[in-house]
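Visitor: Attaching a single structure in structure tokens format; questions to follow.
The values are calculated or read from the model by the stated rules, or taken from the named source; none is laboratory data. Since the structure is predicted, the reported quantities are computational estimates derived from the model, not experimental observations. Every residue, glycine among them, receives a Cβ derived from its backbone with ideal geometry; neighbour counts consider all protein chains shown. Accessible surface areas use protein heavy atoms only, side chains included; no ligands, DNA or RNA. Shrake-Rupley method; radii C 1.70, N 1.55, O 1.52, S 1.80 Å.
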Amino acid sequence: MKKIAILASGSGSNAENIAKYFEGSDYAQVSFIIANNPNAFVLERAKRLGIESAVVTKSEFMQADSVVAMLKERDIDFVVLAGFLLLVPSKLIQAYPGRIVNIHPALLPKHGGKGMYGDNVHKAVVRCGDTESGITIHLIDEQYDKGTIFFQAKCPVLPTDTYEDVATKVHALEYEHFPRVIDEILHTLD
Ligand code: GAR
């Protein structure tokens, strides 16, 4: 059984969707959720789903040793960033080489980088008059939103769309594709 840990900073709707996708699977399961914010709704979702969770401070996370220890103690094979806003430190990347994926709510390399998360991204898409947006699922490296891209899916952005409309379309793509793409990536690992 492959064990997945999810790192999240906010609502955690993707975390819940991924956990439910793997519920009942004999291949993989979400067994641990880490939040960097004690008020993140993802912690409530974890409780409801019966998944162990932990909160780490930003400095603990950036220092990485305790987080790596938490993951290793639980035999975590694979780490998913689902709405996680901190830059992942090298020590954690080195502990899970090629085994940490992120989802970005736009078509990278457009609208990536520090500060580009959640609604900020959708507002930028509307401000730039883009005619399409979408999702990017990528391996992470030491820079925000720069690692190898595994998968992208697109949705149209209409001239009349608000950033909320774009967010709704992008979330729909995330729910449709993210768990399945994680499943595919897991099957490529030894
Ligand atoms: C998602 O749309 C995810 O793509 C985005 O945050 C949202 C979290 O929603 N991630 C980023 O912007 C990372 N740069 P959720 O907490 O409901 O899953």
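Visitor: Just give me the residues in the range 146-190 being of a type in the set (S, T, Y) and touching a helix residue (DSSP H, G or I) at 6+ places or on another chain (Cβ under 8 Å), in sequence order.
Guide: Our first condition is that a residue be of a type in the set (S, T, Y); within the range 146-190, this holds for 148, 160, 162-163, 168, 175, 188.
Correct list: T162, Y163, Y175.
Visitor: Here is a follow-up. Taking only the range 102-131 into account, find how many residues are without any contact (Cβ under 8 Å) to a residue 40 or more places away in the chain and exposed (fewer than 15 other Cβ atoms within 10 Å of the Cβ).
Guide: 9
Visitor: How about the range 15-59: which of its residues are open to solvent by 80 Å² or more (accessible area, probe 1.4 Å) and either of a type in the set (D, E) or within 15 Å of the ligand (Cβ to nearest atom) (or both)?
Guide: To start, the set of residues in the range 15-59 that are open to solvent by 80 Å² or more (accessible area, probe 1.4 Å) comprises 20-21, 23-24, 26, 38-39, 41, 47-48, 52, 58-59.
K20, Y21, E23, D26, N39, F41, R48, E52 - these are the residues of the range 15-59 that are open to solvent by 80 Å² or more (accessible area, probe 1.4 Å) and either of a type in the set (D, E) or within 15 Å of the ligand (Cβ to nearest atom) (or both).
Visitor: Just checking, how many residues over the range 148-161 are farther than 11 Å from I103 by Cα and either open to solvent by less than 60 Å² (accessible area, probe 1.4 Å) or within 14 Å of the ligand (Cβ to nearest atom) (or both)? Write out each step before concluding.
Guide: Taking the range 148-161 as the starting set, the residues that turn out to be farther than 11 Å from I103 by Cα are 148, 153-161.
Narrowing further to those that are either open to solvent by less than 60 Å² (accessible area, probe 1.4 Å) or within 14 Å of the ligand (Cβ to nearest atom) (or both): 153, 155, 157, 161.
Qualifying residue count for the region: 4.
Visitor: Another question, if that's okay. Tell me, yes or no, whether the range 65-76 has at least one residue that is in contact with a Pro (Cβ under 6 Å, 6 or more places away or on another chain), aliphatic (A, V, I, L, M) and in contact (Cβ under 8 Å) with a residue 24 or more places away in the chain.
Guide: Within the range 65-76, none of the residues are in contact with a Pro (Cβ under 6 Å, 6 or more places away or on another chain), aliphatic (A, V, I, L, M) and in contact (Cβ under 8 Å) with a residue 24 or more places away in the chain.
Visitor: Quick one: in the range 1-14, which of the residues that are within 9 Å of the ligand (Cβ to nearest atom) and small (G, A, S) is surrounded by the most Cβ atoms within 10 Å (Cβ to Cβ)?
Guide: My answer is A8.
Visitor: Name every residue in the range 84-97 that is closer than 24 Å to L189 by Cα and open to solvent by less than 40 Å² (accessible area, probe 1.4 Å), in order of residue number.
Guide: Listed by number, the residues that qualify are F84, V88, P89, L92, I93, A95, Y96.
Visitor: Ok, one more. Among the residues of the range 132-142, is there at least one that is open to solvent by 10 Å² or more (accessible area, probe 1.4 Å), within 12 Å of the ligand (Cβ to nearest atom) and within 26 Å of Y96 (Cβ to Cβ)? Show your work before the answer.
Guide: Just the residues of the range 132-142 that are open to solvent by 10 Å² or more (accessible area, probe 1.4 Å), to begin with: 132, 139-142.
With within 12 Å of the ligand (Cβ to nearest atom) added as a condition, the list becomes 140.
Within this subset, residues satisfying the condition of being within 26 Å of Y96 (Cβ to Cβ) are 140.
The answer is yes, given that some residue of the range 132-142 is open to solvent by 10 Å² or more (accessible area, probe 1.4 Å), within 12 Å of the ligand (Cβ to nearest atom) and within 26 Å of Y96 (Cβ to Cβ).
Visitor: Report every pair of residues separated by at least 6 positions or lying on different chains whose Cβ atoms are under 8 Å apart, first residue within the range 83-96 and farther than 16 Å from N37 by Cβ, second surrounded by fewer than 18 Cβ atoms within 10 Å (Cβ to Cβ) and hydrophobic (A, V, I, L, M, F, W, C).
Guide: Between residues of the range 83-96 that are farther than 16 Å from N37 by Cβ and residues that are surrounded by fewer than 18 Cβ atoms within 10 Å (Cβ to Cβ) and hydrophobic (A, V, I, L, M, F, W, C), the close pairs are P89/M62; K91/V68; L92/V68; A95/V68.
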